[in-house]
Amino acid sequence: MWRIGLLLVVGIVVVIGGFSLVDVGSGEVGASAVFDSVETDINGFARAIEPYDWQFPQDFGPHPNFQTEWWYYTGNLADEAGRRFGYQFTIFRRAITPVETDTGSEWRADQIYMAHFTVTDVRGDQFYHQQRFSRGAAELAGATTEPLYRVWLDDWQILAQDDNATVVAIKAVADAVAVNLQLEQVKPVALQGNQGLSAKSGEPGNASYYYSLSRLLTTGTITIHDTVYTVSGTSWKDHEFSTSALGNAAQGWDWFGLQLDDDRELMLGQIRLVDGGRQPEFGGLLVYPDGSTRKLESSDFTLMVTDTWQSPHTGATYPAGWQISLDIGEAEPLDLTVTPLISDQELHGTGNVDYWEGAVRISGDITGYGYAELTGYVNAMTGRF
């Protein structure tokens, strides 16, 4: 995916005595964060300029010398009766300073974390979403590969079940929903862009380092209002890290992570410009059944909107159906119809940027399921990320 870094769009300041703990009398610890002004100073942070020397499983973990980073999982699952669900679980990291400081206090933080957790209940026509954030200190939130790959915020976490992180568990509990899932990697890491360097504009440094695990066999449970569903299906993982990725002309983006029933996966995206154009540097990736990949240029595919949906929450009008045509000179072009499983999958009231992200169905030449993400329809992303 090319994932929205909502935490990264704005500067974040922890507001309990600066970045330190102040309540020492009660023995209870609290941490909260608020969104402050847009952070524009990138001096001292690393930037995505040249192809990256990937080393796994170490690169499953954090890259604190870059300003922004996220670990993103989505999946389409079903129980034995065929009841379908979608889920999204994303943890974002934002560096406050490019230089890690050692102040002697376990509560002082150089990193801020935020998590978004959603569940789509297709039969119930319900979309549940929650947000959390915390400082990266005192084990409140963080990311590591020592001794195992783990990313967490409070009791929401991603945790490897083996040394190479080929199997991970995701656990999250919110007010009305919970997931307890196990994800197994069945294809090698797919590097996006140029060996993992994913350009977002023509200016050097306006890029991210980006890889995907495009097919993760998934089993576990989804709980909705105390009803537990035993589910299975597939998930998709994206992991990106960058500093100042977007160009100043970007309005927003449309991103698709599509898992086809012929064991191929397709990432497609377009960055929409303020003038109505499309950023030519960003394209997509086709993953074949054996895990080999083909980079897609923006000219290799077209995205045509076939329907729209107006949000009752924000008033924004989003695309709500697409005809995707892929022509890369193979025997036959690939024509797909993509439709949301339910219309209302908008994350609204987040306190920063509202966006639509939800489970979709694929029909046409090949069937399947996937996820779509739509930004810049409520708030323009210009100059934010």
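The values are calculated or read from the model by the stated rules, or taken from the named source; none is laboratory data. If you're wondering where the values come from, they're calculated on a predicted model, not measured in any experiment. FYI the Cβ positions are ideal-geometry reconstructions off the backbone, even for glycines, and counts take in every protein chain you see.
Within the range 185-215, the set of residues being part of a loop (DSSP other than H, G, I, E, B), among the polar types (S, T, N, Q) and closer than 24 Å to Gln251 by Cβ comprises Gln192, Ser201, Asn206.
Scanning the range 272-320 for residues that are of a type in the set (A, V, I, L, M, F, W, C), in contact (Cβ under 8 Å) with a residue 24 or more places away in the chain, surrounded by 15 or more Cβ atoms within 10 Å (Cβ to Cβ) and touching a Ser or Thr at 6+ places or on another chain (Cβ under 8 Å) yields Phe282, Leu285, Leu286, Val287, Phe301, Trp309. Has the range 245-262 got at least one residue that is modelled with pLDDT of 95 or more and outside any strand (DSSP E or B)? Yes - at least one qualifying residue is present in the range 245-262. In the set (1) modelled with pLDDT under 95; (2) under 26 Å from Thr68 (Cα atoms), Asp175 fails one condition alone, (2).
Condition check: closer than 27 Å to Met304 by Cβ, surrounded by 15 or more Cβ atoms within 10 Å (Cβ to Cβ), in contact with a Ser or Thr (Cβ under 7 Å, 6 or more places away or on another chain) and in contact (Cβ under 8 Å) with a residue 12 or more places away in the chain. Does Asp238 satisfy that? Taking the combined requirement at face value, the residue satisfies it.
Quick test for you: out of Thr230, Thr234, Thr218, pick the one residue that is part of a strand (DSSP E or B) and out of contact with any Leu (no Cβ under 8 Å at 6 or more places or on another chain).
Thr230
Counting only strands (runs of 3 or more DSSP E) that sit wholly inside the range 76-184, those with at least 3 residues that are small (Gly, Ala, Ser) are 141-144. Quick one: would you say Gly142 is out of contact with any Ser or Thr (no Cβ under 8 Å at 6 or more places or on another chain) and of a type outside the set (Val, Ile, Thr)? Criteria met by Gly142.
Tell me, which residue of the range 282-299 that is touching a Phe, Trp or Tyr at 6+ places or on another chain (Cβ under 9 Å) and of a type outside the set (Gly, Ala, Ser) is modelled with the lowest pLDDT? Give the steps one after another, and end with the answer.
Initial filter on the range 282-299 (touching a Phe, Trp or Tyr at 6+ places or on another chain (Cβ under 9 Å)): 282-284, 294, 298.
Among the residues that remain, those that are also of a type outside the set (Gly, Ala, Ser) are: 282, 294.
Values: Phe282: 86, Arg294: 95.
My answer is Phe282.
Just one of the listed residues (Ala199, Ala190) is touching a strand residue (DSSP E or B) at 6+ places or on another chain (Cβ under 6 Å), buried (at least 20 other Cβ atoms within 10 Å of the Cβ) and closer than 25 Å to Gly233 by Cβ, and it is Ala190.
The residues of the range 155-167 that are farther than 14 Å from Thr90 by Cα and either touching a residue at least 40 places away in the same chain (Cβ under 8 Å) or of a type in the set (Ser, Thr, Tyr) (or both), listed by number, are Ala160, Asp163, Asn164, Ala165, Thr166.
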